[in-house]
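Remarks on the structure that follows.
The values are calculated or read from the model by the stated rules, or taken from the named source; none is laboratory data. Quantities reported herein were computed from a predicted structural model and do not represent experimental measurements. Here the Cβ positions follow ideal geometry from the backbone for every residue, glycine too, while neighbour counts run over all protein chains shown. Calculation scope for accessible area: heavy atoms of the full protein, side chains included, ligands and nucleic acids excluded. Shrake-Rupley method; radii C 1.70, N 1.55, O 1.52, S 1.80 Å.
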Amino acid sequence: MRWVSDAGKALALVRRALDNRAAVADVRRRQAAAPPLPKDHYRIAVYFADGAVNMYQMRQWYRPLQELARTWPVVVLSRAVTGARALMEDGALPVAFVPTVRDLEQFLIAEDIRIVFYVNQNTRNFQMFRYGRRWHVFINHGESDKMYMTTNQYKAYDVAFIAGEAARERLSRVLWDYDLDRRTRQIGRPQADHYAGSVPYPADDRTVVLYAPTWEGDRPSAHYGSIRTHGEALVSALLATGRHRVIYRPHPRSGVVDHEYGAANRRIIAAIADANAADASAHHVFDDKPELGWQLASADIAIADISAMVYDRLAAGKPLLITRPADPAAAVDAHGYLSACEWLDADRAPEIVAEADRVLRDPGAVSRLQQWVRHYFGDTSPGSATARFHTAVAELMASWEEWHLRSGDGADDDDDVQDSPDREGDEELD
């Protein structure tokens, strides 16, 4: 009934307000307890306008940015209070909580920020774009063939750091009048040089299967999630063999739009717990931890939806299956890896054991995989992507220095901040 739905929405709003209030108190307490951020110290900022729900987009960049900060100090500009709280709890990078435009401007006056990184396409990014005399660089939160990867919003950034030749081809097909040579840099996947975490189970003869589905999506063209259509059947089949180990890593947003999708997710989690209770040697894993790396490196085979997880696994160079979306309206790019990948249709999900054995044992599948790894990420030898990332940053820093010397502007570049007459959006963001 409608009144039940309205009551649920009202309750959700109250809960959100209470969480935001608690987050504000926690962030202010942490700020008061910590020493102030040093002035005129940071040269790179990561602009993050999202709340805690999208922290996965930031966390995958922690280790590459920590290493970069050894050369150029890095700070996160956090606009949403729940995001700021999560960033401070993680403690991976310095955090400036700048909820209002006035706070943001004051920070930019105090710091000589030369490069601003963006990990997503939040519309609030435009509040940062207003500030010139610095590079605005889209680094994204993953590599994939989703339509998100060819949005016209790329043109809003001065430069985009992309993974490799596949990304370049993808952008060239879709974006009009976009100078790829001038506005993109190919850096590979620096995160692959920093696989995090330790394997939480003993080495044995079980075949380890990573199942990492995405969320359900918020529109038909993005209905890539497989938990309802594939997930329950394939996990049940794998749990029943006694010779497989399942690592289940669902997207943190699973169920935020479709309650039934969320219910299917919970049933899979419960089935894993039951299987572990029935067999202490199984060591199946429900993985909801922020660290990503050991899962990609340790699994014998991975099953993923169309998402960045496909390409995270591809960078590891190991076998994988891709779930074919059950919704025909889901947009599928048939030009890249998805044109030659190993698909898993929903009606074959109960036969996952046979499908996995086939992919693991087929030399042709292994050879094709290696070709696509090179196409998407270039040289994947240890440290090569990190070196390209640092080189791209160094080139932008050198260009910044050259421009300021040529313009005679020196370090006095605060006019664009102090003279900003537009105070629209000068509010606390939640």
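Considering only the other residues whose Cβ falls under 13 Å of the Cβ of residue 242, what net charge follows from Lys and Arg at +1 and Asp and Glu at -1? Don't jump to the answer; show the numbers that get you there.
Numbers: positive: 206, 243, 245; negative: 204, 205, 279.
Taking every Cβ under 13 Å from that of residue 242, the sum is 0.
To the nearest 10 degrees, how steep is helix 352-361 against the longest Cα principal axis of the chain, on a 0 to 90 scale?
Rounded to the nearest ten degrees, it is 80.
Return one number: the angle in degrees, 0 to 90 and rounded to the nearest 10, between the long axis of the Cα atoms of helix 363-377 and the longest principal axis of the Cα atoms of the chain.
10
Which percent of the accessible heavy-atom area of segment 166-321 goes to carbon and sulfur, probe 1.4 angstrom?
Ligands and nucleic acids excluded, carbon and sulfur give 51 percent.
Under a Cβ-only charge scheme (Lys and Arg +1, Asp and Glu -1), can you give me the dipole magnitude of segment 242-348 about the Cα centre, in debye to the nearest 20? Let's see the in-between values first.
Details: 11 positive and 15 negative charges, 49 e Å.
Dipole size: approximately 240 debye.
Kindly identify segment 196-257 as rounded, prolate or oblate by the Cα gyration tensor criterion: order the square roots of the eigenvalues as a ≥ b ≥ c, call it rounded if a/c is under 1.5, otherwise compare a/b with b/c, prolate if a/b is larger, else oblate. Write down the numbers at each step before the final one.
Numbers: a/c = 3.66, a/b = 1.79, b/c = 2.04.
It is oblate, given that a/c is not under 1.5 and a/b is not larger than b/c.
Roughly how many nanometres apart are two label points built 7 Å out from the Cα toward the Cβ at residue 13 and residue 291?
With each label point 7 Å from Cα toward Cβ, the separation is 4.2 nm.
So how exposed is residue 90, as accessible area in Å² (1.4 Å probe, rounded to 10)?
Here the residue's solvent-accessible area equals roughly 60 Å².
Applying the Karplus parametrisation 6.51 cos²θ - 1.76 cosθ + 1.60 with θ = phi - 60° to the phi angles of segment 159-166, what ³J(HN,Hα) value in whole Hz is obtained for each residue in order, glycine and proline being reported as x?
Whole-Hz 3J(HN,Hα) from phi for segment 159-166: 9, 10, 8, 10, 6, x, 5, 4.
Between residue 321 and residues 5 or more places away or on another chain, which pairs have amide H atoms under 5 Å apart, with H built 1.01 Å from N, and which residues are they?
Placed amide hydrogens put 302, 303, 304 under 5 Å from residue 321.
Helix 384-407 versus the longest principal axis of the chain: what is the Cα-based angle in degrees, 0 to 90, to the nearest 10?
20
Between residue 69 and residue 25, what's the calculated FRET efficiency when r is the beta-carbon distance and R0 is 25 Å? Round to 0.05. Could the numbers behind the result be given before it?
Numbers: r = 29 Å, r/R0 = 1.16.
That pair, residue 69 with residue 25, gives E of 0.30.
At most 13 other Cβ atoms within 10 Å plus a DSSP loop assignment makes a site exposed; report the longest stretch of the chain without any exposed trypsin sites (Lys or Arg not before Pro). Could you put the intermediate results ahead of the total?
Numbers: sites that count: 39, 70, 243, 423.
Result for the longest clean stretch: 244-422.
Give the range of the longest stretch in the chain that excludes all GluC sites (Glu not before Pro) found in loop regions by DSSP and having at most 12 other beta-carbon atoms within 10 Å.
Values: sites that count: 424, 427, 428.
Of all site-free stretches, the longest is 1-423.
Can you list the HN-Hα couplings for segment 198-213, worked out from phi with the Karplus curve (6.51, -1.76, 1.60; θ = phi - 60°), rounded to whole Hz and with x for Gly and Pro?
So the J values, rounded to whole Hz, are 10, 5, x, 9, x, 6, 7, 8, 6, 7, 8, 10, 8, 10, 10, x.
Please identify which residues in segment 215-248 have an amide N closer than 19 Å to a label point set 7 Å out from the Cα of residue 279, following the Cα→Cβ vector.
The answer is 232-248.
Just to be sure I understand, if you calculate Cα Rg over 2.2 N^0.38 Å for this structure, which of (1) 1.09; (2) 1.03; (3) 0.93 do you get?
(2)
Under the rule of at least 5 residues apart or a separate chain, name every residue whose amide H is placed under 5 Å from the amide H of residue 42.
The list, which skips near neighbours in sequence, is 112.
When the Cα centres of segment 201-257 and segment 64-128 are compared, how far apart do they sit, in Å?
Going from one Cα centre to the other spans 33 Å.
Per-residue HN-Hα couplings for segment 283-289, Karplus 6.51 cos²θ - 1.76 cosθ + 1.60 at θ = phi - 60°, whole Hz, x for Gly and Pro?
With the stated coefficients, segment 283-289 comes to 6, 5, 10, 8, 10, 10, 7 Hz.
List the residues of segment 241-259 whose backbone N lies under 20 Å from a point placed 7 Å from the Cα of residue 219 along the Cα-to-Cβ direction.
Residues passing the 20 Å test: 253-259.
So what is the 222 nm mean residue ellipticity for the chain from helices alone, if each DSSP H run of at least 4 adds -39500 (n - 2.57) and you divide by all residues, rounding to the nearest 500 deg cm²/dmol? Let's see the in-between values first.
Numbers: 16 runs with 177 residues, N = 430.
Helices in the chain give a 222 nm mean residue ellipticity of -12500 deg cm²/dmol.
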